[in-house]
Protein chains: 2
Amino acid sequence: MSWLELAPDHPFGVGTLPYGVVRPGGGVPQPAVRIGDRALPLAPLTGRLLNQRAGLFASSTLDAFLAAGPAVWAEVRAALTEWLTDPGYRGQLEPDLLPLADCPTVLPFTVADYVDFYASEHHAGNVGQIFRPGQPPLTPNWKHLPIGYHGRSGTVVVSGTEVRRPNGQRKVGDAIEFGPSLRLDIEAELGFVVGVGSDRPVPVAEFAEHVFGVVLLNDWSARDIQAWEYVPLGPFLGKSFATSISGWITPLAALESARCAGPVRDPRPLPYLDDTGAEWGLDLELAVRLNGETISRPPYAQMYWTPAQMLAHMTVNGASLRTGDLYGSGTVSGPEPDQRGSLLELSWGGAEPLTLADDSVRTFLVYGDQVSITASAPGPDGSRIGIAEVTGRILPA
Amino acid sequence: MSWLELAPDHPFGVGTLPYGVVRPGGGVPQPAVRIGDRALPLAPLTGRLLNQRAGLFASSTLDAFLAAGPAVWAEVRAALTEWLTDPGYRGQLEPDLLPLADCPTVLPFTVADYVDFYASEHHAGNVGQIFRPGQPPLTPNWKHLPIGYHGRSGTVVVSGTEVRRPNGQRKVGDAIEFGPSLRLDIEAELGFVVGVGSDRPVPVAEFAEHVFGVVLLNDWSARDIQAWEYVPLGPFLGKSFATSISGWITPLAALESARCAGPVRDPRPLPYLDDTGAEWGLDLELAVRLNGETISRPPYAQMYWTPAQMLAHMTVNGASLRTGDLYGSGTVSGPEPDQRGSLLELSWGGAEPLTLADDSVRTFLVYGDQVSITASAPGPDGSRIGIAEVTGRILPA
């Protein structure tokens, strides 16, 4: 327990300790750790108490810390845990704690390559039924490999950034039209942040040697633009206008109690995707809120492919990995209607509008809509581990 | 004419002047300009003769110069042209000139996002016939928008880098196999290097305010991996192992005499893609060599979409543009069989192997194959403007 006297089920207790980059009072960006509803800047603290690591937090990003690798990640986490639980440090740390409300976050690392996967069987099946009715919902390759594609790293933005509705082409009947997207959607995903790069393929068992932690990710999607453009080379402008991520990265070290086996896979995957003994399913429950109202609770534990399998697949062809590479899980959807992670699925392609608490109906997003995604996982001794919120509001085109 | 007394048709005469980053004697990387078969390092030269611009060349990349914009690009080019043509400068410059053979090039800029288009009607039509026989060769969207997708910027490598044959999954009959790609291919393309970023859509007419210059680009492609993975989200591991580009960037300013109108477009594109009065077709002839033998001469002038249209499309949804963004044209193929820019097309999906000068036959690449792509364009007064070679040799998996 921390001397901060947080509620035992606080999702950002001493078992979580996510890292971000904050601008205290709107000033200079600096790395920080989050505890409860406070941010603790890391450069001054490590300068006093862990001087050999202070250089890792001297810049305006977490890049150097991410690159430092698992031994350093563990050392810093152990030190923070000690300082925040041993009352003897209270006097030294307390003056540095800043209210989160005074600390806007910025993008916490330099995004190298951004890849998005498609790892939920329920999501892929729903999309297949909506987009390709009468055909098998999953493509023949789906259970043999984690399908993925590269997205635009230059438009990954931090939680809270407003999102402008994109313009683009769409096909309506036989006509080609241009204008603001009329089917602007969300995709509730988990994102994985690479710390340590690699010049060789990363086996499933070495996942935690390379991936530092997780964020929530909203893969904003313009369904009308996407539907017209995506054959044969995949999504492009329907996705590239914005991808939002949490301002705080929850380290994998906080998610040990959340690890679980994935579903039984049939057919059995090729050996490089076999995760026996290296299961990285994660028992996380997401919540999607539209203007404050919860519209879905997607369960992450049922994802078909784990992030360790995604990483093994992404590098098996010899493609190198870099510090700052980010990859998304793809939309998290469960088997139940209220567990779907996109409006496309929740409204079944627009055919079944949602009725909100204020009696308004919604298929896709309208101007001013605010979407927030949160998640938490089981921690030790009944505690909860939070993944920081990702939120964004829609501006007109 | 330069005092270097180059042949009048030398593709790297004073009308070309491409920029790169060299390691003289294998030492520290530094920006340079190429003249004839020499490299001229820019930091010492500008330090002496154009001191207000010397800072742009003080680092190990061209990033600062690219970001500086068209006025500075023109100022530096005008100065270099004067120094290399006025014999009065010969004494000052000649000692700095280094033989290219002693100057290996490195990747000349930090690649931000990498996008690959699909802008040759002949290529897209050939691929459609090979992959989807019996269906219309072009997808319904093809003549309405320049189809593109994001690739892996972390595996863009400089000309001369050896390329390891990728491993991956492929479907053979009903079996899923894993192993080294058996259908390793090339794609001969032109690449466009963004200098000045943008937070708003870039109209066709503002192309040259943002794009600095061009490189040759070899989009290495594992056709067996690609064919199995690419539905529905596009190419991924079949492309992400390596993309090679020239070590020297030829500025757009050198290509004024090469500008031409694109083909007549029917149907007429939407207004944001209308390039009337801003035609950026380019009359370049590429040559593809396999182990020294020319196997194809793809003409760039017949590309359906121009790079100005590609840029307008890529940003029309509001996606921002950054210094170092790189985009490829897609394979350049002409209407004739010996103008096709990929082995997939040259061997018609492997059904019609090429016979080489040594009587060996080839469908796709084998271990040790060396592929080189060169190109040139008309310059003023009958001169030729070269685009520096991109070359690479295949290593085993």
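The values are calculated or read from the model by the stated rules, or taken from the named source; none is laboratory data. Since we're looking at a predicted model, the values are computed, not measured. Neighbour counts run over all protein chains shown; Cβ positions are idealised from the backbone, glycine included. Ligands, DNA and RNA are stripped out before the accessible areas are found, and what is left, the full protein with its side chains, is counted by its heavy atoms. Shrake-Rupley method; radii C 1.70, N 1.55, O 1.52, S 1.80 Å.
Kindly establish whether residue B:70 is of a type outside the set (Lys, Arg) and open to solvent by 60 Å² or more (accessible area, probe 1.4 Å). Step through it out loud before you land on a result.
Working: of a type outside the set (Lys, Arg): yes; open to solvent by 60 Å² or more (accessible area, probe 1.4 Å): no.
It is false that residue B:70 is of a type outside the set (Lys, Arg) and open to solvent by 60 Å² or more (accessible area, probe 1.4 Å).
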Response to the item:
Going through segment A:29-43 in order, the residues found to be open to solvent by 30 Å² or more (accessible area, probe 1.4 Å), assigned to a loop (DSSP other than H, G, I, E, B) and in contact with a helix residue (DSSP H, G or I) (Cβ under 9 Å, 6 or more places away or on another chain) are A:37
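Whether any residue in segment A:248-266 is away from every other protein chain (no Cβ under 11 Å), assigned to a strand (DSSP E or B) and without any contact (Cβ under 8 Å) to a residue 60 or more places away in the chain is what I want to check.
First pass over segment A:248-266, keeping only residues away from every other protein chain (no Cβ under 11 Å): A:248-266.
Still in the running and assigned to a strand (DSSP E or B): A:248-251, A:259-260.
Those still in the list that are without any contact (Cβ under 8 Å) to a residue 60 or more places away in the chain too: A:259-260.
Among the residues of segment A:248-266, at least one is away from every other protein chain (no Cβ under 11 Å), assigned to a strand (DSSP E or B) and without any contact (Cβ under 8 Å) to a residue 60 or more places away in the chain, which makes the answer yes.
Here are A:38, A:90, A:23, A:77: which of them is of a type in the set (Lys, Arg) and out of contact with any strand residue (DSSP E or B) (no Cβ under 9 Å at 6 or more places or on another chain)?
Values: A:38 fails: out of contact with any strand residue (DSSP E or B) (no Cβ under 9 Å at 6 or more places or on another chain); A:23 fails: out of contact with any strand residue (DSSP E or B) (no Cβ under 9 Å at 6 or more places or on another chain); A:77 fails: out of contact with any strand residue (DSSP E or B) (no Cβ under 9 Å at 6 or more places or on another chain).
Within the list A:38, A:90, A:23, A:77, the selection yields A:90.
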Discussion item. Can you tell me which of (1) surrounded by fewer than 23 Cβ atoms within 10 Å (Cβ to Cβ); (2) within 21 Å of the chain's Cα centre (by Cα); (3) closer than 15 Å to residue B:72 by Cα is the one residue B:46 doesn't meet?
Written reply: (2)
Worksheet entry | segment A:321-345, residues that are closer than 13 Å to residue A:221 by Cβ, outside any loop (DSSP other than H, G, I, E, B) and over 14 Å from the mean Cα position of the chain (by Cα) | A:343, A:344, A:345
Worksheet item: Residue check: is residue A:341 within 14 Å of chain B (Cβ to nearest Cβ), surrounded by 18 or more Cβ atoms within 10 Å (Cβ to Cβ) and closer than 25 Å to residue A:156 by Cα?
Response: no
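Of the residues that sit in segment A:2-28 and are open to solvent by 20 Å² or more (accessible area, probe 1.4 Å) and not in a loop (DSSP other than H, G, I, E, B), which one is farthest from residue A:109 (Cα to Cα)?
Pass one, segment A:2-28, residues open to solvent by 20 Å² or more (accessible area, probe 1.4 Å): A:4-11, A:14-15, A:23-28.
Add one more test, that the residue is not in a loop (DSSP other than H, G, I, E, B), and what stays is A:24-26.
On the way: A:24: 17, A:25: 20, A:26: 18 Å.
Among residues in segment A:2-28 that are open to solvent by 20 Å² or more (accessible area, probe 1.4 Å) and not in a loop (DSSP other than H, G, I, E, B), the one farthest from residue A:109 (Cα to Cα) is A:25.
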Item to complete: Show the residue pairs that are 6+ apart or on different chains and have beta-carbon atoms under 7 Å apart, the first residue being within segment B:372-390 and touching a residue at least 12 places away in the same chain (Cβ under 8 Å), the second being open to solvent by 10 Å² or more (accessible area, probe 1.4 Å) and assigned to a helix (DSSP H, G or I).
Response: B:378/B:257; B:379/B:257; B:380/B:257
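Look through segment B:267-285, keep the residues that are assigned to a loop (DSSP other than H, G, I, E, B), in contact (Cβ under 8 Å) with a residue 40 or more places away in the chain and not hydrophobic (A, V, I, L, M, F, W, C), and return whichever of them is farthest from residue B:214 (Cα to Cα).
Here the residue is B:267.
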Worksheet item: Out of (1) within 26 Å of residue A:142 (Cα to Cα); (2) in contact with a helix residue (DSSP H, G or I) (Cβ under 9 Å, 6 or more places away or on another chain); (3) surrounded by fewer than 22 Cβ atoms within 10 Å (Cβ to Cβ), what's the single condition that is false for residue B:143?
Response: (1)
Worksheet item: Quick check: anything in segment B:159-181 buried (at least 24 other Cβ atoms within 10 Å of the Cβ) and among the aromatic types (Phe, Trp, Tyr)?
Response: no
Worksheet item: Can residue B:243 be described as under 19 Å from the mean Cα position of the chain (by Cα), in contact (Cβ under 8 Å) with a residue 12 or more places away in the chain and within 14 Å of another protein chain (Cβ to nearest Cβ)?
Response: yes
Discussion item. So in segment B:180-191, with the set limited to residues that are touching a Gly at 6+ places or on another chain (Cβ under 8 Å) and assigned to a strand (DSSP E or B), which one is nearest to the other protein chains (Cβ to nearest Cβ)?
Written reply: B:189
Worksheet item: Considering B:235, B:251, which residue is closer than 26 Å to residue B:343 by Cβ and touching a Ser or Thr at 6+ places or on another chain (Cβ under 9 Å)?
Response: B:235
Practice prompt. Pull up segment B:89-127, narrow it to residues that are open to solvent by 10 Å² or more (accessible area, probe 1.4 Å) and of a type in the set (Asp, Glu), then point me to the one that is farthest from residue B:145 (Cα to Cα).
Written response: B:94
Discussion item. Regarding segment B:337-347, can at least one residue be identified that is farther than 28 Å from residue B:257 by Cα and without any contact (Cβ under 8 Å) to a residue 60 or more places away in the chain?
Written reply: yes
Worksheet entry | Single unsatisfied condition, residue A:319 versus (1) open to solvent by 10 Å² or more (accessible area, probe 1.4 Å); (2) free of Cβ contacts under 8 Å to residues at least 24 places away in the same chain | (1)
Worksheet, complete the sentence: Flagged in segment B:316-329 as touching a Leu at 6+ places or on another chain (Cβ under 9 Å) and either among the basic types (Lys, Arg) or more than 9 Å from chain A (Cβ to nearest Cβ) (or both), in numbering order, are B:323, B:324, B:326, B:327, B:328, B:329
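Yes/no per residue for (1) modelled with pLDDT of 95 or more; (2) under 20 Å from residue A:317 (Cβ atoms):
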{"site": "A:135", "(1), (2)": "no, no"}
{"site": "A:139", "(1), (2)": "yes, yes"}
{"site": "A:149", "(1), (2)": "yes, yes"}
{"site": "A:155", "(1), (2)": "yes, no"}
{"site": "A:159", "(1), (2)": "yes, no"}
{"site": "A:167", "(1), (2)": "yes, no"}
{"site": "A:170", "(1), (2)": "yes, no"}
Item to complete: Scan A:197, A:213 and give me the residue that is touching a residue at least 12 places away in the same chain (Cβ under 8 Å), within 27 Å of residue B:157 (Cβ to Cβ) and in contact with a strand residue (DSSP E or B) (Cβ under 6 Å, 6 or more places away or on another chain).
Response: A:197
Discussion item. Given the criteria within 11 Å of another protein chain (Cβ to nearest Cβ) and out of contact with any strand residue (DSSP E or B) (no Cβ under 7 Å at 6 or more places or on another chain), does residue B:117 qualify?
Written reply: no
Worksheet, complete the sentence: residue A:348 meets each of (1) within 14 Å of chain B (Cβ to nearest Cβ); (2) within 21 Å of residue A:188 (Cβ to Cβ) with one exception, condition (1)
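Which members of segment B:29-50 meet the condition of being aliphatic (A, V, I, L, M) and touching a Ser or Thr at 6+ places or on another chain (Cβ under 7 Å)? Can you show your working first?
Just the residues of segment B:29-50 that are aliphatic (A, V, I, L, M), to begin with: B:32-33, B:35, B:39-40, B:42-43, B:45, B:49-50.
Within segment B:29-50, B:35 is the sole residue that qualifies.
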Discussion item. Cβ-Cβ under 7 Å, sequence separation 6+ or interchain: first residue in segment B:141-161 and touching a residue at least 60 places away in the same chain (Cβ under 8 Å) and more than 7 Å from chain A (Cβ to nearest Cβ), partner in a helix (DSSP H, G or I) and of a type in the set (S, T, N, Q). Which pairs?
Written reply: B:146/B:309
Worksheet entry | Given (1) touching a residue at least 24 places away in the same chain (Cβ under 8 Å); (2) open to solvent by 30 Å² or more (accessible area, probe 1.4 Å), number of the condition residue B:355 does not satisfy | (1)
Discussion item. Of the residues A:129, A:135, only one is more than 9 Å from chain B (Cβ to nearest Cβ), over 18 Å from residue A:327 (Cβ atoms) and assigned to a loop (DSSP other than H, G, I, E, B); which?
Written reply: A:135
